[in-house]
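**Q** One structure, pasted below without further comment.
The values are calculated or read from the model by the stated rules, or taken from the named source; none is laboratory data. The structure presented is a predicted model; accordingly, all values stated were derived computationally and were not measured. Virtual Cβ from ideal backbone geometry, glycine too; neighbours counted across all protein chains shown. Just so you know, the surface numbers come from the protein's heavy atoms only, side chains and all, with ligands and any DNA or RNA stripped out. Shrake-Rupley method; radii C 1.70, N 1.55, O 1.52, S 1.80 Å.
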Amino acid sequence: MSAPDPTTFFAKANQYLMPTGVPISPLIITKAKGTRLYDTNNRQILDFTSGQMSALLGHSHPEIVSVIQHYAAELDHLLSNMITQPVVNLAERLAHLLPAPLEKSFFLNTGSESTEAAIKIAKAYTGKFEIIAFAASYHGLTQGAGSATYSAGRKNGGPCMPGQLAFPAPYAYRSPFRKTDGSYDWETELEFGWSLIDQQSVGSLAAFIMEPILSSGGVLDLPDGYLQRMALECKKRGILLIMDEAQTGVGRTGRMFAFEEAGIVPDILALSKTLGCGLPLASVSTTAEIARGCAEAGFLWLTTHLNDPLTASVGNKVLEIVERDHVCQRAVERGAQLRHGLLELQEKYWCIGDVRGRGLLQGIEIISDRETKAPGPELGQAVSDRAMECGLSCNVVNLPGMGGVFRLAPPVTVSAEEIEEGLRILDEAFAYVLAGGQGRFA
């Protein structure tokens, strides 16, 4: 197939595609393989975002391709009440990987759908309706998930679901809560947050939904001890803890699930993105007790692609590969290499205010003033644009109040040489922009 003419291509895109608020890339990607993207000129671009933070094992992994081909030809989609072997296999494998008592799962398409279902499970089981989420949260944009999302997408969509409560996000770099030595006082901030919740609640707290690393919120990693304390506070109030591991799950942070680092077990776990390795697959997992309570409450979740066999077969293969190929250890090793390189760049360029993250989910926050730490979204975007020109795809979060934060999340199959290549391109991009290559940042 011949490459599309860019002028004609974008003219048709503008004519027939409705804008969704997501800026369209000027590139036309014609192929994605491993850690590389290819445009219409067959130019190679190193992918440091894993597609939409999803292609955990790289693009078009040969074993994934083989599974897709087999099930597309043999068993793709059925009536939703027809349970198949791939679905049972995935549920069994997931249960073996999850800590007890998480053992009951079902499978959906997207992250929004999984968090939507998780929230409904919490409401059905508890009989209550108030949902707490971090003020920098992103859990999706469907009605319930969007109501628990505070980082973006809240404008002009009408009323949110009743009972939505925001909790201060643990933003160590910018939090006003400080100890006398200037260090981050997350304990006092957490106590302040719970005091706000207790004052606002009408006595119907159902759940707290959170990410173990707030990715779209600016790659905010929770401080040591934070998640243990949060689980304790939830238990004290009799509310469920929902963990959204859309971007952190299935090995990316160096653990199969990022919450394991804290030694806690959530009541409900939502997976997506990485579980399908780029295909639309999500899961919701919970305990037998919560599953029983939901059944008694008449819980219903029915969608066209509930427990589809084709995507379930892919998820099962993804988990098999992650376990077999020691992906968690790879994420630790390559993540440490990436982190070391980013810290070296921070020493070199004043505009890198903070480096944070875990494993192969790293963030660098761009500032426009070293003294005031004023956010630098325009500078960050200029660096991102230059990096793309030089052959590196890296994502900048420019949400309100978040400044410019790079999310660096290459596939876990990335090589040491490719990490160095990405760091070299970032180095060149920062040097170019700060030297005045893109105008006013010199």
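**Q** Look through Gly249, Gly263, Gly276 and report the one residue that is crowded, with 24+ Cβ neighbours inside 10 Å and farther than 19 Å from Ala148 by Cβ.
**A** Checking each option against the conditions leaves just Gly276.
**Q** Sort out which residues of segment 156-174 are within 20 Å of the chain's Cα centre (by Cα) and of a type outside the set (Phe, Trp, Tyr), and write them in order of number.
**A** Ala166, Pro168, Ala169, Pro170, Ala172
**Q** Of all residues in segment 79-110, which are in a loop (DSSP other than H, G, I, E, B) and either open to solvent by less than 50 Å² (accessible area, probe 1.4 Å) or outside the structural domain of Leu269 (by the TED database) (or both)?
**A** Those that are in a loop (DSSP other than H, G, I, E, B) and either open to solvent by less than 50 Å² (accessible area, probe 1.4 Å) or outside the structural domain of Leu269 (by the TED database) (or both): Ser80, Thr84, Leu98, Pro99, Asn109.
**Q** Considering Gly144, Gly157, Gly163, which residue is in the same structural domain as Lys236 (by the TED database) and more than 20 Å from Ala122 (Cα to Cα)? First the steps, then the outcome.
**A** Numbers: Gly144 fails: more than 20 Å from Ala122 (Cα to Cα); Gly163 fails: more than 20 Å from Ala122 (Cα to Cα).
After applying the criteria, what remains is Gly157.
**Q** Moving to a separate point now. Being part of a helix (DSSP H, G or I) and either open to solvent by 40 Å² or more (accessible area, probe 1.4 Å) or assigned by the TED database to the domain that holds Arg407 (or both) narrows it down to one of Ala55, Ala3, Ala11, Ala32, so name that one.
**A** Ala11
**Q** Quick check on segment 165-177. Is at least one of its residues out of contact with any strand residue (DSSP E or B) (no Cβ under 7 Å at 6 or more places or on another chain) and under 19 Å from Cys234 (Cβ atoms)?
**A** Yes, segment 165-177 contains a residue that is out of contact with any strand residue (DSSP E or B) (no Cβ under 7 Å at 6 or more places or on another chain) and under 19 Å from Cys234 (Cβ atoms).
**Q** Which residue is farthest from Val396 (Cα to Cα), if the candidates are limited to segment 44-76 and must be more than 20 Å from the chain's Cα centre (by Cα) and among the small types (Gly, Ala, Ser)? Walk me through how you get there before you give the answer.
**A** The initial filter retains those residues of segment 44-76 that are more than 20 Å from the chain's Cα centre (by Cα), namely 44-45, 60-76.
Narrowing further to those that are among the small types (Gly, Ala, Ser): 60, 66, 72-73.
On the way: Ser60: 25, Ser66: 33, Ala72: 35, Ala73: 39 Å.
Going through the qualifying residues, I end up with Ala73.
**Q** What's the number of the condition Arg36 fails, among (1) in contact (Cβ under 8 Å) with a residue 24 or more places away in the chain; (2) under 26 Å from Gln362 (Cα atoms)?
**A** (1)
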